[in-house]
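Visitor: What follows is a single structure, and I will ask about it in a moment.
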Amino acid sequence: QLQLVESGGGLVQPGGSLRLSCAASGNIFSILDMGWYRQAPGNQRDLVATISNGGSTNYADSVKGRFTISRDNARDTVYLQMNSLKPEDTAVYYCHTRRWSMDYWGKGTLVTVSS
């Protein structure tokens with residue numbers, strides 16, 4: 001059973017940084033394309049960034065130049081480095097992958113950007 005567990009959220013001031021982690025179980029991490037999504041209160045869940053199993057990345061326009069997605073296949077972990085955080089980045093951040101036409105989500109980690 002594939003499971004995703006996020007960590008690293010918290011409260012940070014505007015302009016600050018956080019690094020989110022998502023650990024995957026199941027011994028198939030290296031072949032998975034991975035993504036980070038976020039959902040602010042009252043909003044839909046939106047794509048933040050993706051990274052393919054080959055390391056190709058893609059970002060939402062709102063985070064380009066500020067966020068970096070990366071992966072460590074030896075640790076079965078995908079990261080989201082978030083710099084120059086803004087109050088509008090406040091949301092629950094979810095890790096995602098898709099395998100055999102099934103979507104897998106973590107439970108999310110809350111990021112709050114506030115002074």
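Visitor: Suppose we keep only residues that are of a type outside the set (D, E, K, R) and part of a loop (DSSP other than H, G, I, E, B) within segment 89-110. Which one would you say is farthest from Asp33 (Cα to Cα)?
Guide: Thr90
Visitor: Checking Thr50 against (1) over 29 Å from Ser115 (Cβ atoms); (2) of a type outside the set (A, V, I, L, M); (3) over 11 Å from the mean Cα position of the chain (by Cα), which test does it fail?
Guide: The number of the failed condition is (3).
Visitor: Take the residues of segment 2-18 that are within 18 Å of Arg71 (Cα to Cα), modelled with pLDDT of 95 or more and among the aliphatic types (A, V, I, L, M): which is most open to solvent (accessible area, probe 1.4 Å)?
Guide: The qualifying residue most open to solvent (accessible area, probe 1.4 Å) is Val5.
Visitor: Evaluate segment 53-73: report whether one residue or more is outside any loop (DSSP other than H, G, I, E, B), over 25 Å from Thr112 (Cα atoms) and over 12 Å from the mean Cα position of the chain (by Cα).
Guide: yes
Visitor: Give me a count of the residues in segment 19-50 that are touching a residue at least 60 places away in the same chain (Cβ under 8 Å), open to solvent by 40 Å² or more (accessible area, probe 1.4 Å) and assigned to a loop (DSSP other than H, G, I, E, B).
Guide: 2
Visitor: For segment 95-115: of the residues being open to solvent by less than 30 Å² (accessible area, probe 1.4 Å) and not β-branched (Val, Ile, Thr), which is farthest from Arg45 (Cα to Cα)?
Guide: Out of the qualifying residues, it is Gly106.
Visitor: While we're looking at this one, here's another question. Give me a count of the residues in segment 84-94 that are open to solvent by 60 Å² or more (accessible area, probe 1.4 Å) and touching a residue at least 60 places away in the same chain (Cβ under 8 Å).
Guide: Matching residues across segment 84-94 total 3.
The values are calculated or read from the model by the stated rules, or taken from the named source; none is laboratory data. As the structure is a prediction and not an experimental result, all values here were calculated from the model. Cβ atoms come from the backbone with ideal geometry, glycine included; neighbour counts cover every protein chain shown. To get the accessible areas, we keep the full protein, side chains included, count just its heavy atoms, and leave off ligands, DNA and RNA. Shrake-Rupley method; radii C 1.70, N 1.55, O 1.52, S 1.80 Å.
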